[in-house]
1. Starting with the fewest neighbours, write out C68, C420 ranked by other beta-carbon atoms found within 10 Å of each beta-carbon.
2. So, by mean Cβ neighbours within 10 angstrom, what's the order for 93-99, 112-118 with the highest one leading?
3. Which pairs break 30 Å Cα to Cα here: K368/K413; K294/K378; K240/K294; K261/K337?
4. Run the quick spin-label model on S431 and Y334: label points 7 Å from Cα toward the beta carbon, then report their separation in nm to one decimal.
5. For Y414, what charge total do you get from the other residues with a beta carbon under 13 Å from its beta carbon, if Lys and Arg give +1 and Asp and Glu give -1?
6. Could you pull out the chymotrypsin sites (Phe, Trp or Tyr not before Pro) across the range 327-356 that fall in loop regions by DSSP (anything but H, G, I, E, B) with no more than 10 other Cβ atoms inside 10 Å?
7. For the range 305-341 and the range 1-73, what is the separation of their Cα centres, given in Å?
8. What net charge do the residues around T244 carry, taking every other residue with its C-beta under 12 Å from that of T244, with Lys and Arg at +1 and Asp and Glu at -1?
Amino acid sequence: MSQFAGMEDLLADFLTEAGELLADVDNKLVDLEKNPSDKNLLNDIFRGFHTIKGGAGFLNATPLVELCHRTENLFDKLRSDELQLTANIMDVIMAATGCVRQMFDDLQQQQMPQSADASLLAALDAILSGKAPAAEAPPPPAETPTDANGEHGGPNWPVLLESLTGAPSPALPPADGAPAPVTPAAPEARTASIQSIQPLKPPSRAAQPAISSAKETTIRVDTTRLDMVLNLSGEIGLTKNRLTTLRADILAGKTDAETLKALDESVSQLDLLVGDLQNAVMKTRMQPIGNWLKAGMQRSRGRKFTSQRLQTKGALLLPAGLYGPGFLVTPNFYVIKKYNESDLYALFIGHVADRMSTNKPFDGQWRKVSTYTRAKVKRLQKVLRREGYNIGDKIDGLIGFRSRVAVGLYQHKYGLKRDCWPGRATFSQASR
């Protein structure tokens, strides 16, 4: 009898995604043996085991969770330089990876996997506690014997000269094509690069110093914050799968109290995860206010920032897109959002505090935007989907995030004003 009755679809989705993750881990482990200090590889493998652990936890596959938890902790110590990768540690990692694969085979048969071998778990625990045997120092490279034959069997002239005269031969410059000495690069900072947003008002070339393209198009994000985004994305995917399973149960007539309670809990969980993901993504876009000014942003009414304020990190918030004011929100914005996840709530609470001291309204105004019936929006969504744009799971007549992105891409394709809002020109183009 299956130990995952009622979760067959969820289990199948997990095995597909986790199998791809483990295959990617396998490939990266091969590369890691060649480059044991590569931070990118260590981060990627860490995320692979972490994501597999999350999915296994959703299935209550405790043995798999325990093994992946230990393995991800090991990679967390490796990537933070608390441990150094040795041959002994690599052997344990390979054994753990093989055990994860065996557990996948058990899950494929819809059976709960057996616990990992006690000696493997003990080896992982020993490494994590610092009790693993230290790696032996690598032997010094063997000296290459010198003889009178040079490259390609030709005479080695310096050696012959020394043997005839008894004097040491002078150092010769490297032959053409020989690799020049290379100074090892400094360890790479634990940050990752992502694409920055398009500035609202680029500065004129005459007024600004030349800036390299890398500085203009990228910002640096700590990998801890990037890990958070990836983890939340994985948890949202698992919750979506859970909701899909519950939907199928309900459509099949299973409407008992336990099923409805599970549905309510999953919907609440998804709501929390989406809010956390929105905040995490917003924080990845935070960079010093001085950088925003270099990118072309201008403070309202021509006001200036203090030199200290220019170092404060901020993120660009456009709650009404092109049809309202823009804000550079600082970390305090997210303190307010801990009480209420709404961007507008946090924005207006901050504005109330400003009004207490200055009593000045927003410099910009929210303009009215055109509204349309759901039936008309549905027709537009059908056109967008027919042309290959992703509008989400269904045609519902609602302009959500994906539909707005699709509208923006559609407007760009046909040379329309790209405001990501379905205005008159957009509907006119779609009706042709």
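1. Placing the least packed residue first, the sequence is C420, C68.
2. The peptides rank, most packed first, as 93-99, 112-118.
3. Going by Cα-Cα distance, K294/K378; K240/K294 fall outside the 30 Å limit.
4. 4.6 nm
5. Computed value for this residue: +3.
6. In loop regions of the range 327-356 (DSSP not H, G, I, E or B), the sparsely surrounded chymotrypsin sites (Phe, Trp or Tyr not before Pro) are Y339.
7. 37 Å
8. Summing Lys and Arg as +1 and Asp and Glu as -1 gives -2.
Any read-out appearing in this document is the output of simple, stated calculations on the displayed coordinates, not a laboratory observation. Keep in mind the model is a prediction, meaning the values are calculated, not measured. No Cβ is skipped: glycine too gets one built from the backbone with ideal geometry, and neighbour counts run over all protein chains shown.
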